[in-house]
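Contents: one structure, followed by commentary.
The values are calculated or read from the model by the stated rules, or taken from the named source; none is laboratory data. The structure presented is a predicted model; accordingly, all values stated were derived computationally and were not measured. We place every Cβ from the backbone using ideal geometry, glycine too, and count neighbours over all the protein chains shown. Each accessible area value is taken on the protein alone, full model and side chains, heavy atoms only, with ligands, DNA and RNA left out. Shrake-Rupley method; radii C 1.70, N 1.55, O 1.52, S 1.80 Å.
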Amino acid sequence: MRLLLMGPPGAGKGTQSAALAARFDIPAIATGDIFRAQVAAQTPLGITAQGYMDRGEYVADEVTNAMVAVRLAEPDCADGFLLDGYPRTVEQVAELDTMLATADSTLDSVVVLTVDTDELVGRLLRRAEIEGRADDTEPVIRRRQEVYAEQTAPLVELYDARSLVREVDGTGTVEEIGARIDEVLSRPVV
Ligand code: AMP
């Protein structure tokens, strides 16, 4: 199973991805988590990424694509993976297409979590109090929503044209949302 999990910041991708990856026995790969680990370790990649992340902007495509290519080439991805937070730009879609074609594989589904913007901002402000993430301040939260709307929301249409998209209501309990995801993945896209 090769899956993408999409949705705006605060939609609950991280929460759902662990459970989903466990159900399909595939690795969950979250580019945001990899960047945060690199920032924490102050690696050259982390130092490059940090400024973008602190402003709520996307890290440059070439940097992100190279990082994902390395991760997807690892043996645990051979039989499937769940990508959380990648691709986020049209250029990243093209690069992922190339990576998949090189490995002679294709995507099975793109799950898109939908939640309205006011609810997202509220959730992220609550997360800021609990986790203290550097990019969860209100101006950066709002910028991240804008960047998603400008650069990533158009990807839904792009994948929809390939009949891969399954939209899932991202409101409710973690279990309710998980059950909705299971349900859409158990039936063919129409
Ligand atoms: P996330 O944890 O998915 O909300 O990502 C946190 C931050 O990491 C984003 O605001 C970006 O700065 C950066 N990031 C994560 N994934 C990507 C990506 N696919 N392309 C560019 N930047 C990314």
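Quick notes on this structure:
- For the chain, the solvent-accessible area works out to 50 Å² per residue, with a probe of 1.4 Å and every protein chain left in place.
- Here the label points at Asp108 and Val184, each 7 Å from Cα along the C-beta direction, are separated by 1.6 nm in the simple model.
- As a length-normalised measure over Cα pairs under 8 Å and 6 or more apart, the relative contact order of the range 2-178 settles at 35 percent.
- For the range 47-190, the gyration tensor built on C-alpha atoms gives an oblate shape. Its axis ratio a/c (a ≥ b ≥ c) is at least 1.5, and a/b is not larger than b/c.
- Surface composition of the range 1-130: carbon and sulfur make up 54 percent of the accessible area, probe 1.4 Å.
- Order of exposure, largest accessible area first, which applies to Arg142, Arg2 with probe 1.4 Å: Arg142, Arg2
- Dipole magnitude (debye, nearest 20) for the chain, charges at Cβ of Lys, Arg, Asp, Glu: 200 debye
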